[in-house]
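*Asks:* Here it is: the structure, laid out below.
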């Protein structure tokens with residue numbers, strides 16, 4: 001038999017959507033504000049952290065992953081994981097080029 | 001199952017079970033079909049993640065190498081337009097999510113309203129992007145089309161940006177690398193815009209179908225899966241905004 | 001070989017079933033607009049065979065040129081175009097789709113007890129995309145081809161050649177989407193459409209292998225797509241992303257290109273490994289040893305395959321530290337492949353082995369893939385690689401795994417499932433001969449190339465030092481024999497469509513669900529939804545089925 005079906009009866013209601021909308025707008029304001037403040041090397045980290053938080057909210061609630069099956073969650077994870085591998089292993093080359101011969 | 005040898009296709013066709021019109025014959029149930037369609041859309045989104053992933057990799061490498069050029073380049077982007085566009089897309093994701101809820105709760109007029117709002121917001125996004133692109137064209141900041149480094153070699157020659165950021169002039173070497181920044185800017189936002197255009201076109205089609213009640217009779221798969229696509233495009237923009245517009249504005 | 005497990009129905013009374021997927025509808029449009037996965041598989045089979053022979057003809061030209069040390073058959077530029085198109089066509093238009101698009105399309109739904117793939121119209125779209133890409137590639141060849149090597153290495157491909165990089169890139173881009181949609185379809189189907197009782201660990205290992213390959217198709221292919229887009233923009237607009245004079249890095253292209261192209265080799269080999277599992281089990285009458293290990297090793301190959309791509313770039317200018325990291329990771333990826341070879345060998349141990357044609361190809365695979373795989377480990381060690389890369393050692397390595405491995409597995413699969421797809425048997429003696437001829441021809445063609453590589457003959461060169469000639473002559477002689485070995489199946493398989501013996505449902509006494517229905521199958525595959533109540537490769541269950549059938553026949557006769 002196939003996987004237990006994830007087309008759940010669960011319908012996400014407007015309340016959640018409004019909450020996420022507000023959170024996303026706040027995050028946007030926050031990240032714009034943070035770019036005007038000199039936080040040294042933290043700037044890009046904070047910018048990415050805020051962007052990632054917003055992305056996670058969209059994925060979990062607008063895209064219903066919070067309410068979805070393990071398979072869906074695994075699928076999202078697989079995509080993120082592969083993307084991170086692409087970036088991180090490529091960066092092993094670029095970061096270490098300036099380290100000299102050995 | 002040797003008995004199957006004796007039977008012919010007659011057996012298969014004679015017992016035609018009652019099922020909704022939208023159920024394709026190779027599925028056992030509408031649930032299985034909806035499940036499969038949703039999973040298929042998620043897998044498609046994975047391919048999109050990896051497709052944009054290559055561009056993000058290029059961006060990471062060159063931003064690391066040419067940080068001053070990237071900073072100067074990003075100062076050329078209008079943060080008001082960028083923030084507005086981000087808000088526009090966030091609202092459009094909200095309206096589309098509400099549309100999915102309307103479809104699920106069989107609110108036909110609500111669905112049409114939500115899809116229409118999403119459509120308008122999507123068009124607004126593209127409108128703002130057009131304004132931004134036009135500005136870049138006017139200032140000769142389009143790689144491959146008489147690209148000009150003047151604003152970076154001599155920032156004072158670009159008064160509107162200069163008065164905001166007071167950038168120091170870049171050395172000719174580093175100034176040349178602003179072209180890389182703009183290449184990535186146009187590539188990434190351009191690819192994103194292509195996905196927006198496709199989404200808006202599909203939205204147009206969906207509005208017509210929604211008015212005819214196609215999605216509020218229990219078969220919401222199309223709207224839900226389109227929602228996944230649209231939200232994904234929104235997520236891409238969330239990252240593009242942070243990476244391209246907000247590198248450093250202090 | 002007198003011993004055989006083949007059991008055919010009584011040829012005097014046997015008939016091809018009147019209603020099957022071939023006879024259900026007539027007319028060209030019913031094929032070109034079909035949504036039946038089996039018809040799409042046949043469409044693919046015809047088209048990839050066509051492209052295989054074009055790629056093969058190009059190989060013939062290469063070997064002809066290399067008969068003599070001088071560049072005398074064609075200009076050097078032409079030679080560059082010949083080996084480039086050989087690579088492009090063989091990889092993107094033959095090897096990548098070979099087993100998945102033909103055998104996978106045909107049998108994945110049947111093996112899991114489904115009526116079709118999850119997305120039949122996307123399946124048809126896949127074939128049209130494949131044809132569009134393939135025809136564009138042929139057109140490109142006709143208007144002058146491309147000479148950068150199938151790897152499109154930058155900055156050569158972006159700044160230094162005047163050949164048709166863009167159109168070839170577009171052809172590959174389009175074919176890439178064909179591959180993505182096939183993989184996507186398979187993953188959805190395998191997850192969502194298994195028959196009742198068909199749990200993950202009752203699936204034939206062919207399914208596991210194609211599943212793992214499909215994950216790679218979906219996740220890796222888009223990266224080469226964007227790499228091609230970037231090349232196109234670099235060539236046309238000079239955006240600078242790979243141009244050192246503008247601050248770009250040519251190696252970035254190679255990172256993006258090989259991020260796909262290394263998993264691509266696993267996309268190519270995994271389905272072949274799936275075939276080998278089925279064939280070895282059937283022709284030793286034994287369940288595959290260590291089913292779980294083989295299943296998980298397929299997924300492990302897929303996952304680890306993502307971590308090793310820069311071993312194609314050891315000498316290109318990446319940092320020494322990256323070389324270290326990727327060399328270490330490359331050693332890891334050999335492990336799951338080795339696990340499979342061990343498990344297949346243990347399957348054979350104490351099995352009742354017979355040497356029908358698919359088994360001959362499978363044995364060929366076991367030996368040749370092992371050699372190819374082990375030489376891959378030599379190359380994964382960066383110290384050795386520095387001397388062997390860009391020589392004929394590499395050429396021999398990948399031909400051993402791809403031709404001695406994958407192509408043999410493909411032929412094993414075609415011969416194994418031919419009776420099911422067509423209802424006909426091919427002439428056994430001739431097919432066994434062809435398999436042996438292929439094996440001999442292959443070794444004569446490619447083993448000398450290991451030696452040539454060690455002696456220092458560079459790859460992609462039309463000329464070479466005269467002392468290498470004798471080995472090149474052997475190689476070309478082998479290629480001629482190999483050509484005969486590949487031509488024969490086309491001839492006798494086509495012949496068998498009309499004149500072959502009627503195969504019946506299950507000529508090999510195999511255990512898969514696809515063998516429990518008529519040959520050729522019905523359009524809807526099964527009359528009733530099958531229920532899976534036994535483990536994979538359960539020959540005792542098969543025995544019971546056959547005895548029950550015999551009892552029913554006796555009862556009917558009496």
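Quick note: the coordinates plus some simple rules give every number you see, no bench work behind them. Every value quoted in this text rests on a predicted model; they were computed, and no experiment measured them. Neighbour counts are summed over all protein chains in view; Cβ atoms, including those assigned to glycine, are modelled from backbone coordinates with ideal geometry.
*Asks:* Once the Cα atoms of helix C:165-192 and of chain C are each reduced to a long axis, what angle between those two axes, in degrees from 0 to 90 to the nearest 10, is obtained?
*Replies:* 30
*Asks:* With the Cα gyration tensor of segment B:181-234 in hand, give its eigenvalues times 5 under a square root as the equivalent ellipsoid semi-axes, listed largest first in whole angstrom.
*Replies:* Semi-axis lengths for segment B:181-234 are 30, 11, 5 Å.
*Asks:* Need one number: nm distance between label points at residue A:74 and residue A:99, each 7 Å from Cα along Cα→Cβ, rounded to one decimal.
*Replies:* Once both label points are built, they end up 3.5 nm from each other.
*Asks:* State the percent of C-alpha pairs, over all pairs in segment C:313-446, separated by a distance greater than 25 angstrom.
*Replies:* 39
*Asks:* State the percent of C-alpha pairs, over all pairs in segment C:384-442, separated by a distance greater than 20 angstrom.
*Replies:* For segment C:384-442, the share of Cα pairs beyond 20 Å comes to 43 percent.
*Asks:* Give me the one-decimal Kirkwood hydrodynamic radius in Å for chain C, with the sum taken over alpha-carbon pairs.
*Replies:* Here the Kirkwood hydrodynamic radius works out to 24.2 Å.
*Asks:* For segment C:81-129, just say rounded, prolate or oblate: build the C-alpha gyration tensor, square-root its eigenvalues into a ≥ b ≥ c, call rounded for a/c under 1.5, and beyond that prolate if a/b exceeds b/c, oblate if not.
*Replies:* Oblate, because a/c is 1.5 or more while a/b does not exceed b/c.
*Asks:* Sticking with this one: For segment A:1-67, report the translational diffusion coefficient in µm²/s to the nearest whole number, using Stokes-Einstein at 4 °C, 1.567 mPa s, and a Kirkwood Rh over Cα pairs.
*Replies:* Translational diffusion coefficient: 93 µm²/s.
*Asks:* Sort out for me the Cα centre separation of segment C:272-304 from segment A:18-78, rounded to whole Å.
*Replies:* Spelled out, the Cα-based centre of one part sits 42 Å from the other.
*Asks:* Just from the alpha-carbon atoms, what are the Rg and Dmax of segment A:30-77 in angstroms?
*Replies:* Radius of gyration, then largest Cα-Cα span, for segment A:30-77: 14.4, 42 Å.
*Asks:* For each of B:81, B:101, count neighbouring Cβ atoms within 10 Å of the residue's Cβ, then give the residues from fewest to most.
*Replies:* Ranked by crowding around the Cβ, least crowded first: B:81, B:101.
*Asks:* Using only Cα positions of segment C:420-558, each an equal point scatterer, no hydration layer, compute I(q)/I(0) via Debye at q = 0.09, 0.13, 0.16 Å⁻¹ and quote the log10 values to two decimals.
*Replies:* -0.52, -0.78, -0.93
*Asks:* Right, here's the next one. Against the longest principal axis of chain C, how steep is helix C:291-304, in degrees 0 to 90 to the nearest 10, with axes from Cα atoms?
*Replies:* Its long axis makes an angle of about 20 degrees.
*Asks:* What FRET efficiency comes out for residue C:328 versus residue B:146 if R0 is 56 angstrom and r is the Cβ-Cβ distance? Round to the nearest 0.05.
*Replies:* 0.70
*Asks:* What per residue convex hull volume, in Å³, do the alpha-carbon atoms of segment B:32-245 yield?
*Replies:* 109
*Asks:* Using a/c under 1.5 as the rounded threshold, could you call segment C:1-112 rounded, prolate or oblate? The axes a ≥ b ≥ c are square roots of the C-alpha gyration tensor eigenvalues, and prolate needs a/b larger than b/c, oblate otherwise.
*Replies:* Prolate, since a/c reaches 1.5 and a/b exceeds b/c.
*Asks:* Zone of residue C:166 (label point 7 Å along Cα→Cβ, backbone N under 18 Å): which residues in segment B:169-209?
*Replies:* B:187
*Asks:* When you have a sec, figure out the Kirkwood radius of the protein assembly as shown from all distinct Cα pair distances and drop it here in Å to one decimal?
*Replies:* 29.5
*Asks:* For residue B:64 and residue A:84, what is the calculated FRET efficiency with R₀ set at 22 Å and r taken between the beta-carbons, to the nearest 0.05?
*Replies:* 0.85
*Asks:* At q = 0.17, 0.23, 0.24 Å⁻¹, what is the base-10 log of I(q)/I(0) for segment B:30-130 according to the Debye formula with one equal point scatterer per Cα and no solvent? Please give it to two decimals.
*Replies:* -1.03, -1.18, -1.18
*Asks:* At 7 Å along Cα-to-Cβ for each site, give me the label-to-label distance between residue A:38 and residue C:495 in nm.
*Replies:* Between residue A:38 and residue C:495, the label points sit 8.5 nm apart.
*Asks:* Please state the Cα pair-distance histogram of segment C:494-539 with 10 angstrom bins from zero: what percent is in each bin?
*Replies:* Histogramming segment C:494-539 at 10 Å steps yields 23, 45, 25, 7 percent.
*Asks:* What distance in nm separates the simple spin-label points at residue C:201 and residue A:18, each placed 7 Å from Cα in the Cβ direction?
*Replies:* Between residue C:201 and residue A:18, the label points sit 5.0 nm apart.
*Asks:* Shape verdict for segment C:107-246, please, from the Cα gyration tensor: rounded (a/c under 1.5), prolate (a/b greater than b/c) or oblate.
*Replies:* Prolate.
*Asks:* Can you list the residues of segment C:69-93 with backbone N under 20 Å from a point 7 Å past the Cα of residue C:477, pointing along Cα to Cβ?
*Replies:* Output list for this probe position: C:69-70.
*Asks:* How big is segment C:363-416 by the Kirkwood estimate over distinct Cα pairs, in Å?
*Replies:* So the Kirkwood estimate lands at 11.4 Å.
*Asks:* Still on this structure, I have one more. Return the FRET efficiency for the residue pair residue B:134, residue A:11: r is the Cβ-Cβ distance, R0 is 51 Å, and the value is rounded to the nearest 0.05.
*Replies:* For residue B:134 and residue A:11, the calculated efficiency is 0.75.
*Asks:* Tell me the mean residue ellipticity at 222 nm calculated for chain C from its helices only (DSSP H runs of n ≥ 4, each -39500 (n - 2.57), averaged over every residue, nearest 500).
*Replies:* The per-residue figure over chain C is -21500 deg cm²/dmol.
*Asks:* So what does the Cα-only Debye profile of segment B:110-193 read at q = 0.13, 0.15, 0.18, 0.19 Å⁻¹, as log10 I(q)/I(0), no solvent term?
*Replies:* At q = 0.13, 0.15, 0.18, 0.19 Å⁻¹ the computed log10 ratios are -0.54, -0.66, -0.83, -0.90.
*Asks:* Treating the angle as unsigned and between 0 and 90°, give the value, to the nearest 10°, between the Cα long axis of helix B:221-240 and the longest Cα principal axis of chain B.
*Replies:* 10
*Asks:* Based on the mean of other Cβ atoms within 10 Å per residue, sort peptides C:392-404, C:113-125, C:483-495, C:308-320 so the most packed one is first.
*Replies:* Packing proxy ranking, top to bottom: C:392-404, C:113-125, C:308-320, C:483-495.
*Asks:* After finding the eigenvalues of the alpha carbon gyration tensor for segment C:202-295, what semi-axes result from the square roots of 5 times each, listed largest first in whole Å?
*Replies:* The three semi-axes for segment C:202-295 are 42, 10, 9 Å.
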